[in-house]
Structures are given as structure tokens and as C-alpha cells.
Amino acid sequence: MMNALIWGIVGLAAAGVIARPFRWPEAVWALGGALLLLLLGLIPAAAAWRGVLKGLDVYLFLAGMMLLSELGRREGLFDWLAALAIACAKGSAVRLFGLVYGVGTIVTVFLSNDATAVVLTPAVYAATKAAKLQSPLPYLFICALIANAASFVLPISNPANLVVFSGGHMPPLMTWLKTFAAPSLTAIVTTYFLLWVAQRRLLLAETLAMTVERPVLSFCGKLAGIGILAAAAVLLVASARGIDLGLPTFLAGFSAAALTLIVKRESPLELVRHISWGILPLVAGLFVLVEALDRTGLIRLLAEELQRGLAVPGRVAAGAGLFVGFASNLINNLPAGLIAGSAVHAAGVPKMFSGAVLIGINLGPNLSVTGSLASILWLTALRREGQQVSGWRFLKLGLIVMPIPLLLSLGALIFIG
């Protein structure tokens, strides 16, 4: 009976995060579910607190990345990059499509998929508006899809990567690159091709304005860019040395922001005020929900199922990646990654399994608009610009651009990685 109640509350909380009834923030539903579990005595306070603490590295990572992202947005760095892309497009909507995809890939790889969703989305929208495009959606869809497709090139490209390899299981950087280079390239290229096919009619019908006002990148904008590049270098070194990425990310973001504010002699309040801090309690609530599920024996059962499939590891690993990829769209990829990652490590199965789970966690959310934190942040950024994308419209596109890259990337992991 208690297990049934836990499953019911977790399911309702996950549905609330996805559907946002009454337009309440996602964090309300995650925290509400966690609080209800506590009030009903379905999870002890100590266990709930243990769940919250498991996300410490993720909180620090997100806080640092949001600082870096807001710094780049505030100093006009991303607007400058978007305008540069339009100038390089030379009147071709098709060329602009490729350039935006390239910029989105770089931002995702070195600044995380959340940075692409939060910062690049409004910059791309502003650029398409300046270029007098009739439909900005093909370019805005890039920001959502590449945020997931390129999010496992490096460990720092997605906070969900930290969840899957939590507890000291994060592989060294060179091992990571050797494992995920081919699957990542496969995901990026195939997602681009399928998105292009799906949006080609709109793109071929568009014509860009030939003269677009290009913002001047200020000294502090250049300083922000240098700070972001330096932070990326620090994170790569930390990843190569097998150091947890949360604290280095936070310190990098804090240092870059502090240096810029000192140069400008400005208060940090305006910078901090524009950061989406609601993401942190959302993640904390999700960790508590997963801790409650763990108490039902779910992770132990999943670990036992994985161990039974060791006779055919490639097939079972691919199946696990597919299952987790689709499940991410039902409960969000952070809790799905924590559950699946814990099950894989508990089972003691080959690293191929954790790699397959990680690919599913990253690529699976391209099916629905609420599959990942990056997708939720992307949707929020669109609403601020007055743009609306229904869940059904995203799902129709996701059915085209998600399954094939997921299958091919899992194949690249099993046969090449």
C-alpha cells in the first residue's frame, strides 16, 4: 500500500511538472510532491534530506552555468554572435540555419545545454526579427534540439551527465571522448539533417534582410567572452582530472561575473535578479522523489533485470538506452537519469550500459518539450518573447528528429565507442 502511494504521488508530481496545471511553475509540483511524501510519512526527513544532498554537485553546476549564461546575455555577447551569424549568412536563410546550428552546438558543448536554452534562444529570436523573417520557429527549434543532441560531447555539456555518473563514477575526460565521440557526432549530424528535412519548406520560402544592424561588442562583452572561455578551460581540466564539476563550475561563473562587475563598478543584484533560480528547487524536489522511489525497491529490481541480460550485453544496453530515452519524456531526464544511473552502478554491469543510459538521457528528451530541463527553459524563454509552441507541435517534430538519432547513436556506442 505504501509503495502504491509513493508511486501515485511521484506520478502526479511528474505530471504536474510536465503539464503545469494552473500555469504554476514546475518547481511547485516537484516540491509539492516531495512535501506530501514527508507529511504522509512515506519518506523520513533524513532520507529526504539525503536525497537533496545528492544533488549538491548539480546545484553548484547549474548555478555556475546560469551565472556565465546571464553574464554573456547581459553584456550582449550572444546577441553579437547571432548578428554575426546573420551577416555571414549573406541573405540565405538556409545558410543562416546552418550557422545557428553551429553556434548552438558550440554553446551547448562548452557552456551546457541549459545555456543554449536560456541565452541563445532570445538572441536567435532577436536576430530573426532583425532579419525580418516571417517564421522564426525553424531557428528556435534549433536551440531546443541541439541543446540535447550535443549535450554529451563533454561531461560539462549537460547537468544530467553528472547525475548518471554520480557517486564518483564519472570517467576521465579522455575515456569520455573515446567513448562518446562517435555517438555525439552521429547525434549532431543526424539531428541536423532530420530537422532540415522537417523545416525545409519554411526555410526555402524565406529571404533574409541584407542589411541588419550589428551591435558593437563592448569591452565588458569581450571580457565576458574571455571569462566564459577561461571557465570552459577550467572545466575541461577538472573533467580531465576526474574532479567533480559542480564546485569548479560555480567558482568559474562567480569569478567571471565578479571580475566583470568590478570593472563596470556595478552591483550584482541586477545580474542575480535575472537568473532562473527556480530551477534549483525543482531539481531538489526531483531528487527527493527519486529517493522515495528508491525506497520502494525500484532501483534494486532494475539492477537485477540488467544483470539477467549480461549474456547479450549489446542488445540489453541498447534496450536500456531506448527505454530511458522514452521514459525521460514521462518523468524528465534528471530523475530518469538518477534512477537508471543508480541501477546500472548497483548492477555492476559493463560501462557500455552506463554509456547507453547516458545517450538515452540526452537524446530522448528531443521527443517532447518537457523531457529535459533545457527544453523547459527553452519553452520559458519563448514565452518571454511572446512565442507559443504547443506540446503537440513539438511532439510531431520530435517524432521525426528523435528516434533515428537515438538508434544510430546507440549503435555507434556499441559497435564503435
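The values are calculated or read from the model by the stated rules, or taken from the named source; none is laboratory data. Not measured: the values here are computed from a predicted model. When we count neighbours, we look across all protein chains shown, and the Cβ atoms used for this are built from the backbone with ideal geometry, even at glycine.
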Do you know which residues across segment 230-259 are in a helix (DSSP H, G or I), aliphatic (A, V, I, L, M) and free of Cβ contacts under 8 Å to residues at least 60 places away in the same chain? Ala230, Ala233, Val234, Val237, Ala238, Ala258, Leu259
With the requirement that a residue be within 15 Å of Val263 (Cβ to Cβ) and assigned to a loop (DSSP other than H, G, I, E, B), what does segment 211-229 give you? Leu217, Ser218
Got a sec? Which of Leu77, Leu137 is crowded, with 22+ Cβ neighbours inside 10 Å and touching a helix residue (DSSP H, G or I) at 6+ places or on another chain (Cβ under 9 Å)? Leu77
Looking at Gly411, is it more than 16 Å from the chain's Cα centre (by Cα), farther than 17 Å from Leu140 by Cβ and at pLDDT below 90? no
Is there a residue being within 22 Å of Ala374 (Cβ to Cβ), in contact (Cβ under 8 Å) with a residue 40 or more places away in the chain and polar (S, T, N, Q) anywhere in segment 161-177? yes
Looking at segment 90-206, what helices (runs of 4 or more DSSP H) fall wholly within it and have at least 1 residues that are of a type in the set (Asp, Glu) and within 21 Å of the chain's Cα centre (by Cα)? none
I'd like the full set of residues that are surrounded by 15 or more Cβ atoms within 10 Å (Cβ to Cβ) and of a type in the set (D, E, K, R), limited to segment 215-263. Asp244
Inspect segment 192-205 for any residue being touching a Lys or Arg at 6+ places or on another chain (Cβ under 7 Å) and either at pLDDT 80 or above or exposed (fewer than 15 other Cβ atoms within 10 Å of the Cβ) (or both) and give the result as yes or no. no
Candidates Leu37, Leu96, filtered to the one that is closer than 22 Å to Gly297 by Cα and either touching a residue at least 12 places away in the same chain (Cβ under 8 Å) or of a type in the set (Lys, Arg) (or both): Leu37
In the set Ala82, Ala63, Ala130, the lone residue that is within 20 Å of Ala381 (Cα to Cα), buried (at least 24 other Cβ atoms within 10 Å of the Cβ) and in contact with a helix residue (DSSP H, G or I) (Cβ under 8 Å, 6 or more places away or on another chain) is Ala82
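Yes or no, residue by residue, for (1) within 21 Å of the chain's Cα centre (by Cα); (2) surrounded by 14 or more Cβ atoms within 10 Å (Cβ to Cβ); (3) aromatic (Phe, Trp, Tyr):
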position	(1), (2), (3)
Ala13	yes, yes, no
Gly16	yes, yes, no
Leu53	yes, no, no
Cys88	no, no, no
If I filter segment 264-316 down to residues being in contact (Cβ under 8 Å) with a residue 24 or more places away in the chain and hydroxyl-bearing (Ser, Thr, Tyr), which single residue comes out as surrounded by the most Cβ atoms within 10 Å (Cβ to Cβ)? Ser276
